[in-house]
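The values are calculated or read from the model by the stated rules, or taken from the named source; none is laboratory data. This structure is a prediction, so every number in the text was calculated from the model and none was measured. No Cβ is skipped: glycine too gets one built from the backbone with ideal geometry, and neighbour counts run over all protein chains shown.
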Amino acid sequence: MDRKSLEFAFSPCPNDTFSFHAWVDGLVPGPKVVARLADIETLNQRAASGEALLTKLSVAAFGRVRSDYVLLRAGGAAGYGVGPIVVTRKLRNIAGHVAVPGVRTTAALLLRLVGDFETVSMPFHEIQDAVLSGQVDCGVLIHEGRFTYREKGLRLLADLGEIWEQQMRCPVPLGAVAMRRDLALEWAAQVTHAIQFSVDYALSHPYASRGFVEMHAQELTPGIIERHIQLYVNKFTREMDEHAVQRLLDFGLQNGAFLPTADSLPTFASIVP
């Protein structure tokens, strides 16, 4: 790896592009970074192969790769009222083929809160159309799908985030930034601080990233990007809720989503030099 720069892989969703723009564009202190954008399941797959050095991934996916990766406390996606939702064309029970935005995603894991279903994996931005066309019976929506499903004629069956909050009494930890463990000692503190600076800059200069955000957004309907950012960029973006992350990892273990690893491996990187 080029020690003068880091490749940082994250999603094209507005919460990520908004949060990380200032660092990518060199507007805040931190190591030089090169952005690589891909949908969340592609990021999860790259981490599973060990290809990613620094990456956003689903918290559920981290459970599969924690022997090789460690989480950073900044840059995550978590909160209240942010969880995945299950939709369909007609009011019914969740049944049949259910589309999920990737088998490794937190959304797919949270679906187990309401049952065990036959799932179909596809990119998150294709799920609404797949439900509307009848390709699948139900779909688990993430990101801006929370804001657009009614306008497209879909109906809500379950709010998985709300169910999680009621059962676990903590925010929903959707995604996090992970770094390969062999790099963490050298880079974790610098990167954590750079991400925090970037989030602070974004919140203080909300229009600075507009071009970068709109360039990569899947949904450009007026107001959707702003609502997306307002919901998903919050206090947990700057400082992840460690308890919530551990609850999700425990839930994944209990449901057989991944196997346990050595207890001596910390979940979060130390940022003390």
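A few points about this structure:
- GLN45 vs. criteria under 20 Å from ARG150 (Cα atoms) and without any contact (Cβ under 8 Å) to a residue 60 or more places away in the chain: no
- Checking each residue in region 228-273 for being of a type in the set (D, E, K, R), closer than 15 Å to ASN15 by Cβ and exposed (fewer than 15 other Cβ atoms within 10 Å of the Cβ) picks out only LYS235.
- The lone criterion from (1) of a type outside the set (A, V, I, L, M, F, W, C); (2) over 17 Å from ARG238 (Cα atoms); (3) assigned to a helix (DSSP H, G or I) left unmet by HIS21 is number (2).
- Criterion applied to ALA158, ALA176, ALA194, ALA208 was being part of a helix (DSSP H, G or I), at pLDDT 95 or above and either within 29 Å of ALA95 (Cα to Cα) or among the hydrophobic types (A, V, I, L, M, F, W, C) (or both), and the one residue passing it is ALA194.
- MET240 meets all of the listed conditions (1) among the aliphatic types (A, V, I, L, M); (2) part of a loop (DSSP other than H, G, I, E, B); (3) in contact with a helix residue (DSSP H, G or I) (Cβ under 8 Å, 6 or more places away or on another chain) but one, namely (3).
- Test: residue in region 97-105 that is among the small types (Gly, Ala, Ser) and not in a helix (DSSP H, G or I): yes
- Count of region 132-151 residues which are assigned to a helix (DSSP H, G or I) and within 23 Å of LEU174 (Cα to Cα): 4
- Number of residues in region 32-41 that are buried (at least 17 other Cβ atoms within 10 Å of the Cβ) and under 19 Å from LEU6 (Cβ atoms): the value is 4.
- Cβ-Cβ distances below 6 Å connect the following pairs, each with a first residue in region 148-177 that is in contact (Cβ under 8 Å) with a residue 24 or more places away in the chain, a second residue that is of a type in the set (Lys, Arg), and a separation of six or more residues or different chains: MET168/ARG247; CYS170/ARG247; GLY175/LYS56; VAL177/LYS56.
- Residue check for PHE268: of a type outside the set (Gly, Ala, Ser) and outside the structural domain of ALA61 (by TED's automatic domain parsing): yes
- Residue in region 216-239 that is out of contact with any strand residue (DSSP E or B) (no Cβ under 7 Å at 6 or more places or on another chain) and aromatic (Phe, Trp, Tyr) present: no
- Within region 120-164, considering residues that are of a type in the set (Ser, Thr, Tyr) and surrounded by fewer than 18 Cβ atoms within 10 Å (Cβ to Cβ), the one farthest from VAL82 (Cα to Cα): SER133
- So ASP2, is it modelled with pLDDT under 95 and closer than 25 Å to MET122 by Cβ: no
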